[in-house]
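The block underneath contains the structure these notes are about, expressed in structure tokens.
Only the coordinates and a few stated rules stand behind these numbers; no lab work does. Only a predicted model underlies this, so the values are computations on that prediction, with no experimental measurement involved. Note: ideal-geometry Cβ built from the backbone for every residue, glycine included; neighbour counts use all protein chains shown.
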Amino acid sequence: MLDTGEVAVWTAVGTSDGLLDRKVQRAQIKATDLAVWRGEDGGVRAWSNRCPHRGMRLSYGFVRGNRLTCLYHGWTYDGTGGCALIPAHMKLTPPKTITVAMYRAAEAGGLIWVASSKTEGEPNFSGSWRAIRSIHIGAQASAVESAIEASPLESGHLVRASSPRAYIHELKDGGRVICALQEINDHQTMMHVAVEGSESLDRNQRIDAWTRRIRRAAEKLIAAAKSNRPVLEGAKV
């Protein structure tokens, strides 16, 4: 079963190294609730976070081999989303109509991306990338965008990536940083960050400090909007 098409563009939902083999985690993009999991084969899948049986979140389940099992009654789904096993009826071959809604999933730039099955192309970031962190921000995505555009990392060149809510910072020393936004709802955003190139503790620390500044700036914008107070240009954030 294909997805409902709610995730119309490639959206980052986590870091590649944050999802180990045979693990599942929850990801939310506005009204779309996802179970993102990695099979024993290393492949990443993104499914609707709802078991067709009783509606239990599949992100509570567990992975065996390349199958995801619901924690509630043990219904098991293979890598294609089809039901492969119903423990209460071991002799029954599950009907092919019992399937989980699936989304496209890809790994690029050190991050995990998901999109509707109708989304064309794939995220493409050349080079070798390492994830730095994912940070929760108590602000809507547009406020985070405003904070990023007002304060680019190290005042380097800032460009939009192929996804509408992802940026690439071209640093003065020639490196690049991906900053991708995951809009959870109107009040929460996850920001996923990865860097290109070899390991550098100093650079990692500078990037980490910048992400925290962006969080403070975005949350301050929201606080000012709620109190109808303007944020003065040049004010410390």
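By the count of other C-beta atoms within 10 Å, a proxy for reagent exposure, 56, 191 are ordered fewest to most as 56, 191. A simple spin-label model places pseudo-atoms 7 Å from Cα toward Cβ; at residue 201 and residue 188 they are separated by 3.4 nm. Note on the chain: with a GNM built from Cα contacts shorter than 10 Å, the maximum mean-square fluctuation among 211, 189, 97 falls on 97.
Scaled against 2.2 N^0.38 Å for its residue count N, the alpha carbon radius of gyration of region 1-78 is 1.04. If the segment from residue 88 to residue 224 were pulled out straight at 0.36 nm per residue, it would be longer than the present Cα-Cα gap by 43.4 nm. Here the label points at residue 213 and residue 135, each 7 Å from Cα along the C-beta direction, are separated by 1.0 nm in the simple model. The Cβ shell under 13 Å around residue 212 holds other residues with a net charge of +4, Lys and Arg each +1, Asp and Glu each -1. If R0 is 30 Å, the Cβ-Cβ spacing of residue 157 and residue 106 corresponds to a FRET efficiency of close to 0.70. Between the exposed loop cleavage positions of the chain, defined as GluC sites (Glu not before Pro) in a non-H, G, I, E, B DSSP state with at most 10 neighbouring beta-carbon atoms within 10 angstrom, the longest gap is 1-119. The charge dipole of region 129-227, taken about its Cα centre with unit charges on the Cβ atoms of Lys, Arg (+1), Asp and Glu (-1) only, comes to about 200 debye. The Cα center of region 182-200 and the Cα center of region 34-100 differ in position by 28 Å. Pairwise alpha-carbon distances in region 129-227 exceed 19 Å for 36% of all pairs.
Checking Cβ-Cβ separations below 4.7 Å across the chain identifies 83, 179 as cysteines lacking any candidate disulfide partner. When Lys and Arg each count +1 and Asp and Glu each count -1, what net charge do the other residues less than 12 Å away from residue 161, Cβ to Cβ, add up to? Neighbour charge sum, excluding residue 161 itself: +2.
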